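S.K.: My questions all concern the structure below.
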């Protein structure tokens, strides 16, 4: 849900339900890497409320588009980390050390 972007599209607060610090901090980090962002922060209204508010202010671009781009960048980063990890696991399993440990056995 988007709040406060009726007049100035470059400033908005987005409310994400069923999320916490894990996603909010990653999105905040990714947004702060974007040169179009002048301010980005997040807050959790109450610890028992599974909701996070992300505030985005840009140099003029629509905040909604900048947030969307940041989420896509974050997905690409996560995919890269996952593929790098999977490759490292495969390489370890095929190495001499991995085979010596017999890590694929179900004993």
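S.K.: Any residue at all in segment 65-82 that's assigned to a helix (DSSP H, G or I) and more than 17 Å from the chain's Cα centre (by Cα)?
M.R.: For segment 65-82, residues assigned to a helix (DSSP H, G or I) and more than 17 Å from the chain's Cα centre (by Cα): absent.
S.K.: Further question: Name the one entry in 9, 57 that is surrounded by 14 or more Cβ atoms within 10 Å (Cβ to Cβ), over 17 Å from the mean Cα position of the chain (by Cα) and not in a loop (DSSP other than H, G, I, E, B).
M.R.: 57
S.K.: Quick one: is residue 38 at pLDDT 95 or above and more than 18 Å from the chain's Cα centre (by Cα)?
M.R.: Yes: the conditions hold for residue 38.
S.K.: Kindly indicate whether residue 99 is in a helix (DSSP H, G or I), surrounded by 12 or more Cβ atoms within 10 Å (Cβ to Cβ), modelled with pLDDT under 95 and over 19 Å from the mean Cα position of the chain (by Cα).
M.R.: So residue 99 passes the test.
The values are calculated or read from the model by the stated rules, or taken from the named source; none is laboratory data. Because the structure is a prediction, the values reported are computed rather than measured. We place every Cβ from the backbone using ideal geometry, glycine too, and count neighbours over all the protein chains shown.
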